[in-house]
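Quick notes on the structure that follows.
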Amino acid sequence: MDDTNWIGSSKQQIEKILTIAHDFYNLNNILVNDHKAVLMTTAVQVITDSNTRDKRAIPITFLVGSKSITLTPLLKTQSTRFLGVWVSLSKTNNFIFNQVKSIVQQNCNIMKRKFLTDLQLQYIFNRVLAPQIEYRTQLTIFNEFQCAQLFAPLRKLFKHKIGLASTAPNYITDCHSIYNVSNLSDLQLLSHVSKLHKQLNNDNLLGDVTRIRLRNLQTSEWMVSNPLVSWSQSWNRRFRSNLIAATLSIMHDRKFNFDPVNLDKNIISGGEYPLVDIMGPAFFKPIHIKSMIKHKILFLSQLTSCDGTLLLKWQDLNYKPQFHNLRRTPLWFTHLENLVLQSPLTSRRLTALFCTLPRPIPPVLLSLPEMSRRGKREWVAIWNNDINHLPKLLLLFNNVPAVKSM
């Protein structure tokens with residue numbers, strides 16, 4: 001009964017599933033060793049040893065028919081193997097990092113005592129070690145520092161075998177015209193980009209799932225077009241749980257991109273001057289993206305006056321129908337003011353580069369006041385229902401309205 005998974009949303013559901021499964025086992029005279037099972041749960045309770053400071057999970061008891069099964073769940077940072085794949089509930093890649101580090105260290109310990117030529121070492125690196133590492137890192141991408149840290153023992157061994165100092169330039173081992181040893185950074189770039197390319201060219205379920213994930217990534221990163229066309233972010237820790245985002249990030253760092261001719265650009269229309277083009281890297285800060293998604297702000301034209309020459313204050317956006325309860329000015333809006341205003345401290349006028357096209361005043365802003373109600377103060381209002389003509393003046397003296405052209 002190897003390689004069997006039982007998945008449930010609660011302890012009671014798992015107990016119900018196990019009870020049905022054990023009835024089936026008894027019916028068919030199948031003997032199962034329940035104590036070899038591995039339990040993983042997000043509701044694990046942890047206690048810390050006061051002496052060693054080690055963390056241990058509290059065992060959980062399941063009532064299965066007439067007997068009970070007690071299992072100790074794995075910690076969230078621990079991993080277990082299933083069909084050759086290591087599974088963990090945490091989003092960290094430390095376990096895979098330690099696996100690759102162990103592979104490199106074991107092979108270095110074996111080879112450092114052997115009499116090997118430079119070409120033999122090159123073959124071992126490229127044809128033996130590289131496939132092992134590539135297999136282990138199918139769903140993991142390391143940053144440049146981690147790649148250099150993992151590959152350092154192999155590079156040091158290679159230099160030692162060919163009689164070079166460890167401080168010799170790495171170009172000697174990495175150059176395609178000399179030894180062409182596959183370093184980890186180049187290996188993961190080639191591996192993950194080629195896999196993404198195959199996914200995009202697939203016409204079946206794999207291709208459909210990839211395109212759906214790209215749409216989700218575009219929404220989560222609040223981008224105007226397909227990430228394959230407009231990705232501009234370097235590798236970041238928050239991409240470690242999104243393989244497509246991490247792959248696009250290492251491509252961007254190496255100045256690689258996909259040919260946009262045959263790609264679905266999925267451009268979001270309906271506004272002028274996307275904020276991502278104005279703010280640059282500051283746009284992609286998680287706190288900024290979260291605020292923009294909350295208020296559904298994607299273009300500068302959503303924040304300007306009807307004539308397109310002024311940037312409204314944050315609180316003034318409450319008068320627009322799509323906004324409500326805007327109070328504290330977010331940091332990204334302050335940053336935007338410094339980029340698009342002629343004089344952020346004294347004026348709301350936009351620079352000529354960011355002026356948007358005029359648009360009609362929303363009807364909700366043109367609602368007339370209740371004239372029958374007696375006001376406490378006299379007031380004057382000006383409106384213009386055609387920008388090509390002079391505005392009209394609405395005067396109210398002693399609660400008697402009068403319209404006058406200016």
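The values are calculated or read from the model by the stated rules, or taken from the named source; none is laboratory data. Given the structure is predicted, the values throughout are model-derived calculations rather than measurements. Positions of Cβ are generated from backbone atoms using ideal geometry, with glycine treated the same way; all protein chains shown enter the neighbour counts.
Some points to look at:
- Taking the listed residues Gln120, Gln138, the one that is within 30 Å of Ser90 (Cβ to Cβ) and not assigned by TED's automatic domain parsing to the domain that holds Thr247 is Gln138, with no other qualifying.
- Elements of type helices (runs of 4 or more DSSP H) in the stretch 187-274, at least 1 residues being over 27 Å from Met292 (Cα atoms): 205-220
- Among the residues of the stretch 283-303, those that are under 15 Å from the mean Cα position of the chain (by Cα), free of Cβ contacts under 8 Å to residues at least 60 places away in the same chain and under 12 Å from Pro330 (Cβ atoms) comprise Lys285, Ile287, His288, Lys290.
- Any chance Ile69 is in a loop (DSSP other than H, G, I, E, B), of a type in the set (A, V, I, L, M, F, W, C), on the phi < 0 side of the Ramachandran plot and surrounded by 11 or more Cβ atoms within 10 Å (Cβ to Cβ): no
- Pair list, Cβ < 9 Å and 6+ apart or interchain, from the stretch 80-94 residues that are modelled with pLDDT under 80 and assigned to a loop (DSSP other than H, G, I, E, B) to residues that are exposed (fewer than 14 other Cβ atoms within 10 Å of the Cβ) and not polar (S, T, N, Q): Leu83/Asp3; Gly84/Tyr135
- Of the residues making up the stretch 125-141, at least one is closer than 21 Å to Asn180 by Cβ, in a loop (DSSP other than H, G, I, E, B) and within 26 Å of the chain's Cα centre (by Cα).
- Some residue of the stretch 24-34 being touching a His at 6+ places or on another chain (Cβ under 8 Å), among the hydrophobic types (A, V, I, L, M, F, W, C) and over 30 Å from Thr173 (Cβ atoms): yes
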